[in-house]
Amino acid sequence: MPSVRDALRLHGGAVDLAGADTRATPHWFGGKQEALADIAAMEPRLAELQERLYAQAAGGGSRKRLLLVLQGMDTSGKGGVVKHVIGQFNPSGCHIHAFKAPTREELAHPFLWRVRRAVPEPGIIGIFDRSHYEDVLIARVRGIVPRTVWARRYATINRFEQSLHDDGVTIVKVFLHISYAEQRARLLERLENPDKHWKFGPGDIDERALWPDYEEAYEAVLQKCTTDAAPWYVVPADRKWYRNWAISRLLLEHLEELDPRYPPAHFDVETERKRLLET
């Protein structure tokens, strides 16, 4: 199958989110049921590669790990990705961190302090549900810090991600791109279903009123923070099944490229086999 990475990757330059089709299905030529079948077919290979990644670090001293960064407007599906895509992995080899509003302790440190503490250990697949990019998104839109502060953070983020890359972290940054109309539909679904009221807050509508400002802020992030070490992938997310398929495929392609290997035994296998049989 052709590379989904090539189809979804940004290569720098101007970004026009309003002009992008949020219902598109780049590099997928079937329908929903075929995509779901393909996701199921990927699961054994994803599980095997995750185990190899973990074993390579535990028994071979490798520093390789993978970090999936999920960003997107409210209701874009970050939680859905964690449930339906990351759910294919062994949870003991994953570390999921959801970044909420910073605590008083976190505010007392530079903005990347809390992010560094959440970077996955070698052999682990890390998932950021929101991330350090909130410090150039909501911080910008809501005026939490002055322009002179957030404007410097793009370069700081790029240096940070380069340092992670140099230390063995494969960074997969995904922007889940939904439309204004689709967000409205998903918020209405939460309001109309009592079982989903817990997922809704009045502030969601306040944030929706700032859609053009967030769109502009995201365009700046995608343009300024796409690098060779940590490119952005824009995933059309109005179709949930395509979103899950695309991210599953992105993870598979990156793990295949890492090509983790089981480490060799640090003991004589035949000697230990003989000893065991004698017990």
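Against the test of being open to solvent by less than 50 Å² (accessible area, probe 1.4 Å), at pLDDT 95 or above and in contact with a Ser or Thr (Cβ under 6 Å, 6 or more places away or on another chain), the options TRP232, TRP211, TRP150 yield a single qualifying residue, TRP232. Would you be able to say whether some residue in the stretch 86-93 is open to solvent by 50 Å² or more (accessible area, probe 1.4 Å) and in contact (Cβ under 8 Å) with a residue 40 or more places away in the chain? Yes, because at least one residue in the stretch 86-93 is open to solvent by 50 Å² or more (accessible area, probe 1.4 Å) and in contact (Cβ under 8 Å) with a residue 40 or more places away in the chain.
For HIS27, the conditions (1) over 20 Å from the mean Cα position of the chain (by Cα); (2) assigned to a loop (DSSP other than H, G, I, E, B) are fulfilled apart from (1).
Residue under question is ALA230, and the condition is that it be assigned to a helix (DSSP H, G or I), touching a strand residue (DSSP E or B) at 6+ places or on another chain (Cβ under 6 Å) and of a type outside the set (D, E, K, R); does it hold? Before you say what the answer is, go through the steps one by one.
On the way: assigned to a helix (DSSP H, G or I): no; touching a strand residue (DSSP E or B) at 6+ places or on another chain (Cβ under 6 Å): yes; of a type outside the set (D, E, K, R): yes.
Spelling it out, it is not the case that ALA230 is assigned to a helix (DSSP H, G or I), touching a strand residue (DSSP E or B) at 6+ places or on another chain (Cβ under 6 Å) and of a type outside the set (D, E, K, R).
Taken over the stretch 180-195, residues that are among the polar types (S, T, N, Q) and open to solvent by less than 30 Å² (accessible area, probe 1.4 Å) amount to 1.
Among the residues making up the stretch 13-54, those that are open to solvent by 40 Å² or more (accessible area, probe 1.4 Å), among the charged types (D, E, K, R) and in contact (Cβ under 8 Å) with a residue 60 or more places away in the chain are ASP16, ASP21, ARG23, LYS32, ARG45, ARG52. Of note, GLU105 satisfies the criterion of being surrounded by fewer than 17 Cβ atoms within 10 Å (Cβ to Cβ) and of a type outside the set (Phe, Trp, Tyr).
Are there any pairs, at least 6 apart or on different chains, whose C-beta atoms fall under 6 Å, with the first in the stretch 172-194 and among the hydroxyl-bearing types (Ser, Thr, Tyr) and the second surrounded by 13 or more Cβ atoms within 10 Å (Cβ to Cβ), and if so, which? From the stretch 172-194, the pairs are SER179/THR22; SER179/ASP238; TYR180/TRP211.
In the stretch 1-12, which residues are closer than 21 Å to ALA220 by Cα and crowded, with 19+ Cβ neighbours inside 10 Å? Once the filter is applied, which keeps residues that are closer than 21 Å to ALA220 by Cα and crowded, with 19+ Cβ neighbours inside 10 Å, the stretch 1-12 yields only LEU8. When the residues of the stretch 235-250 are filtered to those that are crowded, with 24+ Cβ neighbours inside 10 Å and aliphatic (A, V, I, L, M), the one that is farthest from the chain's Cα centre (by Cα) is ALA237.
Being closer than 26 Å to ILE157 by Cα, surrounded by fewer than 21 Cβ atoms within 10 Å (Cβ to Cβ), within 14 Å of the chain's Cα centre (by Cα) and among the charged types (D, E, K, R): is that true of ASP74 here? No: the conditions fail for ASP74.
Only a single criterion out of (1) farther than 25 Å from LEU36 by Cα; (2) surrounded by fewer than 19 Cβ atoms within 10 Å (Cβ to Cβ); (3) modelled with pLDDT of 95 or more is not satisfied by LYS199, namely (3).
Within the stretch 253-270, residues that are open to solvent by 50 Å² or more (accessible area, probe 1.4 Å) sit with their Cβ atoms under 9 Å from residues that are among the polar types (S, T, N, Q), at 6+ positions apart or across chains, in these pairs: GLU257/THR170; ARG261/GLN56; ARG261/SER62; TYR262/GLN56.
Tell me, please, whether a residue that is of a type in the set (Phe, Trp, Tyr) and part of a helix (DSSP H, G or I) can be found in the stretch 195-207.
Yes, the stretch 195-207 contains a residue that is of a type in the set (Phe, Trp, Tyr) and part of a helix (DSSP H, G or I).
The values are calculated or read from the model by the stated rules, or taken from the named source; none is laboratory data. Because the structure is predicted, anything quoted here is derived from the model rather than measured. Cβ atoms come from the backbone with ideal geometry, glycine included; neighbour counts cover every protein chain shown. Accessible surface is based on the protein model in full, side chains and every heavy atom, while ligands, DNA and RNA are left aside. Shrake-Rupley method; radii C 1.70, N 1.55, O 1.52, S 1.80 Å.
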